[in-house]
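Here's the structure we're looking at; comments come further down.
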Amino acid sequence: MTAAMDELLNILDLERLEHNLYRGRSPQVEWQRVFGGQTIAQALVAAQRTVEPDRYVHSLHGYFMRPGDIKVPIVYEVDRIRDGGSFTTRRVLAIQHGQAIFSLEASFQVDEKGLEHQFALPDDVPPPEGLQTQRQLLEKAERVPEAVRRFWARERPLELRPVNLQHYESRDKLPPRQNVWIRLAGPVPDDRALQSVLLAYLSDMTLLDTSTFAHGRGLFDPDIQAASLDHSMWFHRPHALDGWLLYAQDSPSSSGSRGFSRGTLYARDGTLIASMAQEGLIRLRR
């Protein structure tokens, strides 16, 4: 277990303040705002704490309203919308400085058997062992602010190895698609609810970036103002998260200063674990 992975598990273990009320903290890093994946994951933890243990999250939908402040805790308030015969619905509001910064709705279901199919793992994707890490690529890339280099140089709870390298090396207009291998930097407890939370955490990694490729730009460009606006996720199959995952992404559209991206997470053996969709702000600064 690395120190960064241990810290991640610690910040995902929320403090219970009162009935339906929880508090989470952020890692103390040199960054302007709370990582969106952290807020999604902590809100999901709060929702899970109010749900029967035989019901597992199958979908979530969240909206980012204000940037989170890493210097103060986040309070999560859970609304128990519905407890049905096989489905449970929860709404979570994340609050800082007396204002909502994020809202989440999540649906949970008992395990059921039924029809099943999935898309196959993308063809011709090289294995992660021979690829460079995102940290190595950013160290060599041009136009990356020094603060960003320092942030990515620190120990992290996960490792990313991008398959597509062009957008790190140039500002050519590229097809808005990318594949990224990703794995957690330590063993994951044998806890299906926690594994879903960790999937939610990593699902916010690199997804918005894909919407900039068609324009020959990157999220770190000084004339780009970028931020996640909403995030949706569907959990298809449980997985132990004990190895590399392939995060296949594309961006069908950008318009109105918003970029729209989709993603699918596959296990190394081809199992489709989860799907994501996100829209984010990619505004040109004037």
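A few remarks follow.
- Residues in region 184-239 that are closer than 15 Å to L160 by Cβ, without any contact (Cβ under 8 Å) to a residue 60 or more places away in the chain and not polar (S, T, N, Q): 1 in all.
- Applying the set (1) buried (at least 21 other Cβ atoms within 10 Å of the Cβ); (2) farther than 24 Å from L208 by Cα; (3) touching an Asp or Glu at 6+ places or on another chain (Cβ under 7 Å) to V78 leaves exactly one unmet item: (3).
- Whenever a residue of region 1-19 is within 20 Å of R183 (Cα to Cα) and open to solvent by less than 80 Å² (accessible area, probe 1.4 Å), its partners that are in a helix (DSSP H, G or I) and among the small types (G, A, S), lying with C-beta atoms within less than 9 angstrom and at least six residues away or across chains, give the pairs L8/A41; I11/A41; L12/A41.
- Only one of the numbered conditions (1) closer than 28 Å to S275 by Cβ; (2) open to solvent by less than 50 Å² (accessible area, probe 1.4 Å); (3) touching a Ser or Thr at 6+ places or on another chain (Cβ under 9 Å); (4) without any contact (Cβ under 8 Å) to a residue 60 or more places away in the chain is violated by P27, and that is (3).
- Positions within region 110-136 being open to solvent by 100 Å² or more (accessible area, probe 1.4 Å) and out of contact with any strand residue (DSSP E or B) (no Cβ under 9 Å at 6 or more places or on another chain), in sequence order: E112, K113, L115, E116, H117, D123, D124
- Of all residues in region 87-102, those that are within 22 Å of A193 (Cβ to Cβ) and open to solvent by 30 Å² or more (accessible area, probe 1.4 Å) total 4.
- Extreme residue, surrounded by the fewest Cβ atoms within 10 Å (Cβ to Cβ), among residues of region 156-176 that are touching a strand residue (DSSP E or B) at 6+ places or on another chain (Cβ under 6 Å) and not in a strand (DSSP E or B): N164
The values are calculated or read from the model by the stated rules, or taken from the named source; none is laboratory data. Predicted, not measured: the structure shown is a model, and the values here were computed from it. No Cβ is skipped: glycine too gets one built from the backbone with ideal geometry, and neighbour counts run over all protein chains shown. Remember, those area values only see protein heavy atoms, side chains included, never the ligands or the DNA or RNA. Shrake-Rupley method; radii C 1.70, N 1.55, O 1.52, S 1.80 Å.
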